[in-house]
Structure formats: C-alpha cells, structure tokens
1. How far apart, in nm, are the 7 Å Cα→Cβ label points at PHE100 and PHE38?
2. Roughly how many debye, to the nearest 20, is the charge dipole of segment 188-341 about its Cα centre, given +1 on each Lys and Arg Cβ, -1 on each Asp and Glu Cβ, and no other charges?
3. Round to a whole number: what % of the accessible area of segment 171-289 belongs to carbon and sulfur, probe 1.4 Å?
4. Rounded, prolate or oblate: which one fits segment 200-279, using the alpha carbon gyration tensor with axes a ≥ b ≥ c (rounded when a/c is under 1.5, else prolate when a/b beats b/c, else oblate)?
5. On full extension of the chain, what length is gained from LEU308 through LEU274, given 0.36 nm per residue of separation minus the C-alpha to C-alpha distance?
6. Under a crude label model (7 Å from the Cα following the beta-carbon direction), how far is ILE91 from LEU184 in nanometres?
7. Classify segment 187-327 as rounded, prolate or oblate, taking a ≥ b ≥ c as the square roots of the eigenvalues of its Cα gyration tensor: rounded when a/c is under 1.5, otherwise prolate if a/b is larger than b/c and oblate if not.
8. Among LEU284, LEU250, ALA221, flag the residue with its Cα farthest along the positive direction of the charge dipole of segment 212-322, charges on Cβ as +1 for Lys/Arg and -1 for Asp/Glu.
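The values are calculated or read from the model by the stated rules, or taken from the named source; none is laboratory data. Bear in mind that the values here come from a model prediction, so they are computed numbers and not experimental data. Glycine also receives a Cβ, built like all others from the backbone with ideal geometry; neighbour counts cover every protein chain displayed. These area figures cover heavy atoms from the full protein model, side chains too; ligands, DNA and RNA do not enter into them. Shrake-Rupley method; radii C 1.70, N 1.55, O 1.52, S 1.80 Å.
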Amino acid sequence: MASTPSPPQQDRTRTDRTRGEAMPRWVPRAMLLALLLFGAFQLADWAFHQLIDLFVMLLVAFFLSLAIEPAVDRMAARGVRRGLGTFLVFIGLAVAVAGFLTALGTLLVDQVAKIAGDLPHLVDNLIDWVNRTFHQDLSLDQLQQRVLKDSGSIEKYAQQAAGNVWGWSSTLIGGLFQAFTVGLFTFYLTADGPRVRRTLCSLLPPAKQAEVLRAWEIALAKTGGYLYSRTLLAIASTVAHWIMFAILGLPYAAALAVWVGVMSQFVPTIGTYLAGALPVIVALTVRPVDALWVLGFVIVYQQIENYLLHPRITAKTVDVHPAVAFGAVIAGAALLGAVGALIAIPAAATLQGFVGTYVRRYEVATDPRIDRGERRRREAERSEE
C-alpha cells in the first residue's frame, strides 16, 4: 500500500510546482530595461532628425571658419584682436559680395529694360531667323493666336504661381535665417578659435590632444587649398568666357564673364546653369544666333573644365586623386545635398591627410607584374636601339 506524503512534504511539493510555473524575477526587469532602451533610442532618433539642420549648419560654419582663420591669424600676429580681425574679414567679404551683386543687378535691370523695349523687334528677328534656318513659314499672327489659345493654361499657371507666393516667401525667410545662423557660428568659431581648441583638448588626454590638433591643422591646410583651387578655376572660367563674349560683341562682357566664373565655381549643383542663363539672355538682345554660340561655348567649356582642368587643379592644391574627388562629391551630394557636394572635397582631403599620417607604408619591391606596360615599353626601347 502506497504511503501518503506528510503535510510538510505536500507544502514543499506545492511550493516547488509554483516556483516552476512562475516567471523568473529577472524577466520583468529585463523587459522594463528593454522598453527603456527602446524609448531612449526613439527619443534620440527624434531629437537627431529635429536637430539635423543645426548639425549641418554647424558643419558648414566649421569649414567656413577654417577658410577664414588663416587671414585672421595673420592679422592677430600683427597685434589685431581676433574678434576685430574676424569682423574686418566679414566686412571685406560683405563689401565684395555687395559690389558683385550691385554690378550684376545694374546689368540685369538694363538688359530687362532693353528686352522689354525691343521685344517686338526681337520677336520679328527671331521668327525670320527660324524661318530661314529651319525652312519654316511662321508668322507673328500665328504665334499670337497660339498664345490666345493657350491663355487659359497661362492664366492657370499664373494663379498657381500667385498661390505659391507665401511658400516662396517662407522659403526665402528660412534661407536668410539659416545664412544668418551659419554666419554667426562662423564668426564665433573663428574669433574664438584658440579657445575652442583649448576647450576641446581639455576633455582629452595629452596623447589625444596632439592628434586632434594635428587633424585641425590638416583641415586648415586642405580647406585653404580647396578654396585656392576654386579661385583658380573661377579665374580661368572668367578669362575664357570674357574672350568669347568679347569676340561675339556682347555688352558687359567683363561683368558677364565674372558672373559665369563666380557662379559656376562657388554655387554648387545649380551654379553652372545659373551662370550660363544670364549670358544667353543678354545674347538674345543682340542677335538670337549669338545665344546659341554662347550656350554651346558654355557647355563645351564645362566639359573641358570637368575632365581636364578641375581634376588636375584639385589634385595639386588639395592633394586628392581626381577619382577620389569625384567620388567624394557624389557621396557628399547623396548625404547632404548641395552642402555635402560643396564641402565634400575638403572633408575628403582632411580625412585622407589624417589617415595618411598614421598609416605605415612599405617600400614595394621591383616586380614586373606590377606594371606590365612599363616593362614592355622598356623592352621595345631596347629592341629599337
């Protein structure tokens, strides 16, 4: 006959069964910790996306301060306070930009007024040129009828444009605010450059401080080289377009050439299109065929610059291989758009210079498999001898 367990044994059996079925104590704490970590990640992700514009503006201001700081350092070495020196550099840049925009504004107003006054004559000349060149039989009456026929569409587009005025205004105000913010950060980073470096280095051990300062110096050199290369390209573009515009007899040839040189080099992505649009419009006021010559020259010169001048000048001043520079621009545009394309090359040059400081290189042994073409060339020269 089976023995019946005693009451204490029954209690222990019931307790063991309850413990086996109950949730372990660490599971609730692990779940709570996971929820907290997930919430912290979501909060950090939200904050990052909210502040990404600020981070981009800080990045642009940092590279602008690197470009301005050498001039401020020269003035500081001569006894000028850094704040005053930075202010003077900003004033000089503002005066140069204002003078450039004023000259181009005068040019634009004169050309618009001339186009408005000569519009009927220009339309007649354009129609005659199209008829003679493409063997057409167009007339001004046909164009007027077509315009009247499409007046509904034109009115619709005009209404849509008028409805978007508020959106354009808000975009303009936002752009001005961003420009002001970038300028303010640039001023403080440049004027307080030594203090910023000292504050940053105070958070690091001595060995890391030397690395940070070395990276800072590399960034200064590479950014200066990049601006130097853009200036050289702007001068080359200005001279080439001035010669072409002078040959065509365009009015304001020098101002138009400066416009093309500056806009095509210092305005990313759309700078080339803005640079070529104004000379084409001005050429239309002289002769329509001149506009085609200007457009063709702008396109051809852009290809020459992209494939011949830009890679070589950039490689010499920034010490970046043309393929690396091209890839950096594509990567920067994909990450940050126009801003990324603008700062991609100095950033890549800085990273390359900093990495090159710590990467150990070895001498390569002579091996015909490295350069087969060179070996064959030498053999051909010996056979000719």
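1. 5.3
2. So the magnitude is around 400 debye.
3. Carbon with sulfur: 75 percent of the solvent-accessible area.
4. Because a/c hits 1.5 or more and a/b exceeds b/c, segment 200-279 counts as prolate.
5. Going from the current span to full extension adds 10.0 nm.
6. Those two pseudo-labels are separated by 2.2 nm.
7. prolate
8. Farthest towards the positive pole: ALA221.
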